[in-house]
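The values are calculated or read from the model by the stated rules, or taken from the named source; none is laboratory data. None of the values given here were measured: they were computed from a predicted structure. Using ideal geometry, Cβ is built from the backbone for each residue, glycine included, and neighbour counts are taken over all protein chains shown. Just the protein is used for accessible areas: all its heavy atoms, side chains included, with ligands, DNA and RNA removed. Shrake-Rupley method; radii C 1.70, N 1.55, O 1.52, S 1.80 Å.
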Amino acid sequence: TGEDAPLELTDGFHLLIDALKLNDINTIYNVPGIPITDLGRYAQAQGMRVISFRHEQHAGYAASVAGFLTKKPGVCMTVSAPGFMNGLTALANATTNCWPMILISGSSEREIVDLAQGDYEEMDQLAMARPFCKAAYRLTYAEDIGIAVARAIRSAVSGRPGGVYLDIPGAMLGQTMDAAKGAQSLVKVIDPAPRQTPAPGAIARAISVMKEARRPLIVIGKGAAYDQSDDVVRELVEKSGYPFLPMSMAKGLLPDTHPQCAAAARSLALKDSDVVIMLGARINWLLSHGKGKQWGEPGGKKFIQIDIDAEEMDSNVEIAAPLVGDVGSCARALIDAMENEGIAPPEAWLDQVHSKATVNMEKMASRLQNNSNPMDYHSALGVLKQVINEQPDTILVNEGANTLDLARSIINVHKPRHRIDVGTWGVMGIGMGAAIAASIETGKRVLAVEGDSAFGFCGMEVETICRYKLPICVVVFNNNGIYRGDGENWGGGDDPATTSFVPDSRYDMMMEAFGGVGVWVKTPDALRQAVNAALASGKPTLVNAAIDPAAGKESGNIGNLNPQSVVAQA
Ligand SMILES: Cc1ncc(Cn2c(C)c(CCOP(=O)(O)OP(=O)(O)O)sc2=O)c(N)n1
Ligand SMILES: Nc1ncnc2c1ncn2[C@@H]1O[C@H](COP(=O)(O)OP(=O)(O)O)[C@@H](O)[C@H]1O
Ligand SMILES: [Mg+2]
């Protein structure tokens, strides 16, 4: 341009969008409002998918699940203070699940915040975010957007993935700068999640432990699902001949119907195994911290642990052979070393585990056949098991207590990353955000199996599902309460934990209210018909499944975590 031509300008709004797009981030999950409303508009105008929710917590759950499914940071965008706080729960949950997510929140100027002068939605968000995420950054100048977004992406996906907070003051978005200089300030991140190979000595140590194994077991965790080295994981399992136990979101890396799957013989596998390989799975509360009777004789086990985070080792029990690196690199190195060392498959042990699993599956199968009216969990889940067996490409979302614990063991998963649930924390309310992200990120049909209480945490997002016409079938297991619908209260009157719901609530009418399909079903046949119709039509559907209020147990399988009052029961 000639010297008198006007300078071409850009601004914070557009530099932030350019930085995200340059790094192949093309979706924003948000709730609009000051100061980010126009940011969403401009992002959409520049070709990004901007999905607007009814509450930031569910936009955040969606972003974190997008991170789990794509290995790119899911982006949640919120307004300041209350919007930021609503997103913070999802950011903390992402960090706990080791999923990459970036929470971008509008904020106030430092000079006002630091003098506590009472700005609109004033809060020191940067300080508030720090304890709940891997890294937190705040922008002051538009020219720093390129490096800040690069840092946020790298922090979210490198090493152990997790949540990152990026604080964007409203005034910064409005700052202008020379467009050419702005373009030069952008950074395309190079290799943000580098492969991390284990040290040869660590491999040799693991092989020496495996050589002693007579009854080995591989526990596969959601870190392995996230790694997307599915073929190498399958190769490690099949070449070793070891039984494997999938944790809930690692189900489907190898199909639950695989002959080496020990899920239906979990107690035997945990108690009698002598060497346990943890593959992208933590030994935390979900595995009783590696202690107690379910793990057999104290000291009777040796652990090999594969994890990208070196500090995870020895968190709960001594790790005899730590393998620090990504699942794919560690599994590959282990397979190569096994071949050279001639590690023999443990046929007798595998047969023992497989026959125990077969017996248990046959026992369960008979409980699934009943055509009871009202349905109980088993008859309803027997139907959904069959639906997923027939349509294995459907992504299953699942939450509740009995609804979660029973579905996890009854519904087989046949493909990697096709089951999304409450994660390490056991969070209720992830269902609708997870279902929306699974649908948006994969384009696949989604079946969300929700306890009625769990659905209550996120039910308003059925309007979001209808607004974007997403092919999501929500099945609410309506047992009229949290855990059960008939508990008597020791203090007399309605039990605050169970009969707190209106009996026979018509959740199906909520979906109809927004133009979706609502069906109230009371029998397995009606449930099957409604779900198959929903998956065939791709229309947003809510199937309100009446479940016997007397079925189920308080807190499902984890009631033992409750503290007991001695005094109260005296
Ligand atoms: C955010 C949040 N709040 C409360 C809980 C406690 N909680 C709650 C409230 C559950 C609801 C279980 O009732 P449901 O109707 O979803 O499932 P079932 O009736 O089938 O057991 S399960 C559970 O752990 C939680 N895990 N997360
Ligand atoms: N790509 C990866 N390679 C290796 N380990 C990983 C990878 N991504 C995450 N991890 C690790 O996987 C583990 C996941 O454990 P966890 O969330 O407890 O799984 P689960 O609940 O399924 O057992 C975490 O310790 C995390 O550091
Ligand atoms: Mg319930």
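Count of region 48-79 residues, restricted to those that are free of Cβ contacts under 8 Å to residues at least 60 places away in the same chain and closer than 16 Å to Ala136 by Cβ, is 4. Residue count for region 524-551 under the criterion of being buried (at least 20 other Cβ atoms within 10 Å of the Cβ), assigned to a loop (DSSP other than H, G, I, E, B) and away from ligand 1 (no atom under 15 Å from the Cβ): the result is 1. Across region 88-105, the qualifying residues are those that are within 15 Å of Gly221 (Cα to Cα) and not hydroxyl-bearing (Ser, Thr, Tyr), and the one among them that is nearest to ligand 3 (Cβ to nearest atom) is Asn97. Among the residues of region 199-231, the ones that are open to solvent by 10 Å² or more (accessible area, probe 1.4 Å), touching an Asp or Glu at 6+ places or on another chain (Cβ under 9 Å) and within 26 Å of Asn97 (Cα to Cα) come to 3 in all.
Taking region 41-59 as the range and being within 28 Å of Met428 (Cα to Cα) and not basic (Lys, Arg) as the test, the residues that pass are Val50, Ile51, Ser52, Phe53, His55, Glu56, Gln57, His58, Ala59.
Please state which one of Gly456, Gly443 is open to solvent by 10 Å² or more (accessible area, probe 1.4 Å), out of contact with any Ser or Thr (no Cβ under 9 Å at 6 or more places or on another chain) and more than 13 Å from Tyr507 (Cβ to Cβ).
Testing whether each residue is open to solvent by 10 Å² or more (accessible area, probe 1.4 Å), out of contact with any Ser or Thr (no Cβ under 9 Å at 6 or more places or on another chain) and more than 13 Å from Tyr507 (Cβ to Cβ) leaves just Gly443.
The residue pairs whose first member lies in region 180-205 and is among the acidic types (Asp, Glu), whose second member is at pLDDT 95 or above and not in a helix (DSSP H, G or I), and whose beta carbons are closer than 6 Å, counting only pairs six or more residues apart or on different chains, do not exist in this structure. Considering each residue of region 157-166 in turn, at least one proves to be over 21 Å from Leu22 (Cβ atoms) and touching a Leu at 6+ places or on another chain (Cβ under 7 Å).
When Gly431 is tested against the conditions (1) more than 16 Å from ligand 1 (Cβ to nearest atom); (2) closer than 20 Å to Asn97 by Cα, the lone failure is (1). Determine whether region 388-399 contains at least one residue that is farther than 22 Å from Pro100 by Cβ, open to solvent by 20 Å² or more (accessible area, probe 1.4 Å), within 16 Å of ligand 3 (Cβ to nearest atom) and over 16 Å from the mean Cα position of the chain (by Cα). Within region 388-399, none of the residues are farther than 22 Å from Pro100 by Cβ, open to solvent by 20 Å² or more (accessible area, probe 1.4 Å), within 16 Å of ligand 3 (Cβ to nearest atom) and over 16 Å from the mean Cα position of the chain (by Cα).
Name the residue that is nearest to ligand 3 (Cβ to nearest atom), counting only residues in region 74-87 that are open to solvent by 10 Å² or more (accessible area, probe 1.4 Å) and touching a Gly at 6+ places or on another chain (Cβ under 8 Å). Per the criteria, the residue is Asn86.
Tally time: how many residues in region 429-473 are touching a strand residue (DSSP E or B) at 6+ places or on another chain (Cβ under 6 Å) and within 14 Å of ligand 3 (Cβ to nearest atom)? Total meeting the criteria: 7. When region 97-122 is filtered for residues that are open to solvent by less than 30 Å² (accessible area, probe 1.4 Å), in contact (Cβ under 8 Å) with a residue 12 or more places away in the chain and not in a loop (DSSP other than H, G, I, E, B), the ones remaining, listed by number, are Asn97, Met101, Ile102, Leu103, Ile104, Ser105, Gly106, Ser107. Counting only strands (runs of 3 or more DSSP E) that sit completely within region 392-487, those holding 3 or more residues that are within 16 Å of ligand 2 (Cβ to nearest atom) correspond to 395-399. Among the residues of region 240-258, count how many are open to solvent by 10 Å² or more (accessible area, probe 1.4 Å) and in a helix (DSSP H, G or I). Final tally of qualifying residues: 1.
All of (1) closer than 30 Å to Asp272 by Cβ; (2) open to solvent by 20 Å² or more (accessible area, probe 1.4 Å) hold for Val237 with one exception: (2).
The set of residues in region 1-31 that are in a loop (DSSP other than H, G, I, E, B), of a type outside the set (A, V, I, L, M, F, W, C) and either touching a residue at least 24 places away in the same chain (Cβ under 8 Å) or touching a His at 6+ places or on another chain (Cβ under 8 Å) (or both) comprises Glu8, Asn23, Asp24. Among the residues of region 552-559, none qualifies, meaning not one is open to solvent by 40 Å² or more (accessible area, probe 1.4 Å), more than 19 Å from Glu450 (Cβ to Cβ) and not in a helix (DSSP H, G or I).
Hey, which of the helices (runs of 4 or more DSSP H) in region 159-229, taking only ones fully inside, have at least 1 residues that are within 24 Å of the chain's Cα centre (by Cα) and more than 28 Å from Gly342 (Cα to Cα)?
222-227
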